1. Stretch Gln114-Met58 to full length: gain in nm at 0.36 nm per residue minus the Cα-Cα span?
2. Kindly express, to the nearest 10 degrees and within the range 0 to 90, the angle between helix 2-178's C-alpha long axis and the longest C-alpha principal axis of the chain.
3. Among His91, Ala128, Phe59, pick out the residue whose Cα is farthest towards the positive end of the charge dipole of the chain, where Lys and Arg carry +1 and Asp and Glu carry -1 on C-beta, about the Cα centre.
4. Multiplying the sequence separation of Ser86 and Met130 by 0.36 nm and subtracting their Cα-Cα distance, what value in nm do you get?
5. Tell me the net charge near Tyr79. Cut-off is 15 Å between Cβ atoms, Tyr79 excluded, with +1 for each Lys or Arg and -1 for each Asp or Glu.
6. With Cα extents along the principal axes in Å as the read-out, I listed (i) 102, 50, 37; (ii) 240, 39, 24; (iii) 73, 34, 32; which label goes with the value calculated from this structure?
7. Quote the charge dipole size of the chain about the Cα centre in Debye, to the nearest 20; the model charges only the Cβ of Lys and Arg (+1) and of Asp and Glu (-1).
8. Evaluate the distance, in nm, between pseudo-label points positioned 7 Å from the Cα of Thr93 and of Arg31 along their respective Cα→Cβ axes.
Amino acid sequence: MNQEQEISTTIHTMTQTLDTFHADMTVMDARSDDIARHTTRLIRMVLTILAGSSAIIMFLLTDLTDSMSAMIENMNTMYSHFGLVSKNMHHITGSVINMGDNIQGIPAIAKSMQHMNKDVKGMNGAVANMNQNIQSMERHIGQIDGGVAEMSGRFVSVTRAVNHMNYNVNQMAKPTDLLGPLGR
């Protein structure tokens, strides 16, 4: 029996080992199912997060694309405005150069104005002299007028004297009128 006992012991040991192995495998299978459920749940959450993130990223990419399009349009507008600014700066530069040329002529204009001022002062002096001469002429004309009035008065006196003489001559000639035609 030794051999049978040995076989029986061996079978019993193997059965126990298999039962232990089976129990361990059942525990491991339960743990694997728990791990699989947790892993599946974790994968679903990660996929949900990835799907939400993808939707948000797509929304943000669409918004970014719209913003980039608007920015490119604004840059094109800005480029055209810079062109206008450059053109206007060219005109301003030309105007400033013209102003510089005109400003360079200002000292000559100032000298001419000073000469004109001297000429005007000279003309003012000449007009003042003319005014004095006119006043002198007015005095002389006043004197001449006084002389003419005096002459007129004397002519009146002379006319009276002549009239008086004429009267006297007529008076003196009256006695000859009496003589008639002989006396003439």
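1. 12.2 nm
2. 0 degrees
3. The Cα lying farthest towards the positive end belongs to Ala128.
4. Additional length available on full extension: 9.6 nm.
5. Local net charge: 0.
6. Derived directly from the coordinates: (ii).
7. Approximately 3200 debye in magnitude.
8. The modelled label-to-label distance comes out at 8.3 nm.
No lab work stands behind these numbers, since they all come straight from the coordinates. All values reported here derive from a predicted model rather than from experimental measurement. Counting neighbours? That spans all protein chains shown, and the Cβs are built from the backbone with ideal geometry, glycine included.
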